[in-house]
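Right, one structure below, let's go through it.
The values are calculated or read from the model by the stated rules, or taken from the named source; none is laboratory data. These numbers were taken from a predicted model, which means no experiment stands behind them. Positions of Cβ are generated from backbone atoms using ideal geometry, with glycine treated the same way; all protein chains shown enter the neighbour counts.
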Amino acid sequence: MNVKLVRRKSEARRLVRKAFGKGFPVVDRFSLFKDRIWKIRRDKDLKSVIGFFKGLARLLVPTELEKFMPDQKGYVYFQDFIPDNHYDTRVMVIGDCATGLKRMVRENDFRASGSGSFTFNPDEIDIEKVKIAFEVAAKLKTQSLAFDFVSHNNKPLIVEISYASIIDHNNPGYWDKDLKWHYAEFFEERYMIENFIQSLTANQMQLCSK
């Protein structure tokens, strides 16, 4: 949402003026509608057709939640565009475990996030990206963190980190901190809770030993 590809300085200036002027709506309804059209072309099923008509209605009528969400203003964030990436890689580190997926870019687009086209196959995920995610999470001392990677000259680059991310239970397993893959049922939200409780227990034991 509100992710643009800026090709010229004039476009950047226009975005800056808008960001520090009236701002951007949190929900870009036209962008969401375009995604609905793309899903019809991709899936060609009844669900995508229903989604298209819902998106058509949302162009004219905002949701109740959208009405209460303030416009985003007072800031703008630019990143270097890294070309020739047909997908990005999401790695989520929770304690001593990590899960991952590869998200494909939409046709005639540059965004992977939100495309709805992805794979959890661990053989298709660069293990170097998993290693970097573990290392950065350890340095930041986080309990749960998601990383988005692209590649440039075969070098992994982190383009975004998030404390919250969408969870999908189709994940077939996880990597441990030694980068060993385990095929197992792995529910991220359950492990977050278990890992957090373990950290509280460990801290309590440490306090009692002093």
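From the list Ser144, Ser117, Ser151, exactly one residue is under 25 Å from Arg36 (Cβ atoms) and hydroxyl-bearing (Ser, Thr, Tyr). Which is it? Just a single option satisfies the conditions, and that option is Ser117.
For the stretch 101-120, filtered to residues that are in a loop (DSSP other than H, G, I, E, B) and among the aliphatic types (A, V, I, L, M), the residue that is modelled with the highest pLDDT is Val105.
Being assigned to a loop (DSSP other than H, G, I, E, B), within 22 Å of the chain's Cα centre (by Cα) and either modelled with pLDDT of 80 or more or buried (at least 17 other Cβ atoms within 10 Å of the Cβ) (or both) narrows it down to one of Val93, Val26, so name that one. When all the criteria are applied, what remains is Val26. For the residues Arg42, Arg36, Arg14, the requirement of being out of contact with any Lys or Arg (no Cβ under 7 Å at 6 or more places or on another chain), exposed (fewer than 14 other Cβ atoms within 10 Å of the Cβ) and part of a helix (DSSP H, G or I) singles out Arg14. Being buried (at least 16 other Cβ atoms within 10 Å of the Cβ) and out of contact with any helix residue (DSSP H, G or I) (no Cβ under 7 Å at 6 or more places or on another chain): is that true of Pro122 here? So Pro122 fits the description; yes. For Ala57, the criteria (1) in the same structural domain as Ala164 (by TED's automatic domain parsing); (2) free of Cβ contacts under 8 Å to residues at least 24 places away in the same chain; (3) out of contact with any helix residue (DSSP H, G or I) (no Cβ under 8 Å at 6 or more places or on another chain); (4) not in a loop (DSSP other than H, G, I, E, B) hold in every case but one, which is (1). In the stretch 138-188, of all residues being over 16 Å from the mean Cα position of the chain (by Cα) and part of a helix (DSSP H, G or I), the one that is surrounded by the most Cβ atoms within 10 Å (Cβ to Cβ) corresponds to Ala138.
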